[in-house]
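Reading through the structure tokens given below for one structure.
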Amino acid sequence: MPFAVVLIKNIVIVFLTAVQFAMLGRAILSWFPMAGGKISDFLYSVTEPFIYPVRMLFEKMNWFSGLPIDISFLVTYMLITVVLIFLP
């Protein structure tokens with residue numbers, strides 16, 4: 001495999017792993033509503049572009065509308081995990 005392809009694949013893996021860690025941080029900070037501030041804002045701005053399309057799809061299809069938890073967050077995390085599994 002050419003060096004450029006391996007490099008790009010590794011960059012994507014590192015990026016998606018960082019997004020997953022940011023999502024975990026966002027989830028943990030959501031348990032403490034008074035904590036965060038700038039950190040919480042940063043994690044929200046990093047992770048929301050990944051979660052928003054899934055959330056809009058669920059709202060458009062009217063799926064999971066009555067649940068008290070954000071299923072789009074969990075589905076997004078699992079989608080990123082699946083992509084990471086198939087990359088190497």
| said: As an exercise, identify the chymotrypsin sites (Phe, Trp or Tyr not before Pro) in segment 11-45 lying in DSSP coil whose Cβ has no more than 16 other Cβ atoms within 10 Å. | reply: TRP31
| query | Roughly how many debye, to the nearest 20, is the charge dipole of the chain about its Cα centre, given +1 on each Lys and Arg Cβ, -1 on each Asp and Glu Cβ, and no other charges? | reply | 120
| So for ARG26, ARG55, fewest C-beta neighbours within 10 Å to most, what's the order? | ARG55, ARG26
| task | Starting from the Cα of TRP31, step 7 Å along the direction of its Cβ; do the same at PHE3; then give the gap between the two resulting points in nm. | result | 4.5
| request: Provide the FRET efficiency to the nearest 0.05 for the SER45-LEU74 pair, computing r from the beta carbons and using R0 = 22 Å. | output: 0.65
| message | Filter the chain for me: DSSP H helices, axial length by Cα at least 18 angstrom, mean Kyte-Doolittle hydropathy not below 1.0. List them by residue number. | response | 3-30, 71-86
| query | Hey, if you put +1 on the Cβ of every Lys and Arg and -1 on every Asp and Glu Cβ in the chain, which of VAL14, ILE80, PHE50 ends up farthest toward the positive end of that dipole? | reply | VAL14
| said: I need the calculated FRET efficiency for the pair ILE85 and LYS38, taking r as the beta carbon distance and R₀ as 30 Å, to the nearest 0.05. | reply: 0.35
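Computed from the coordinates by the stated procedures, all read-outs in this text should not be read as laboratory data. Treat the numbers as computed from the prediction; the structure is a model and nothing was measured. Because the Cβ atoms are built from the backbone with ideal geometry, glycine has one as well, and the counts that use them run over all protein chains shown.
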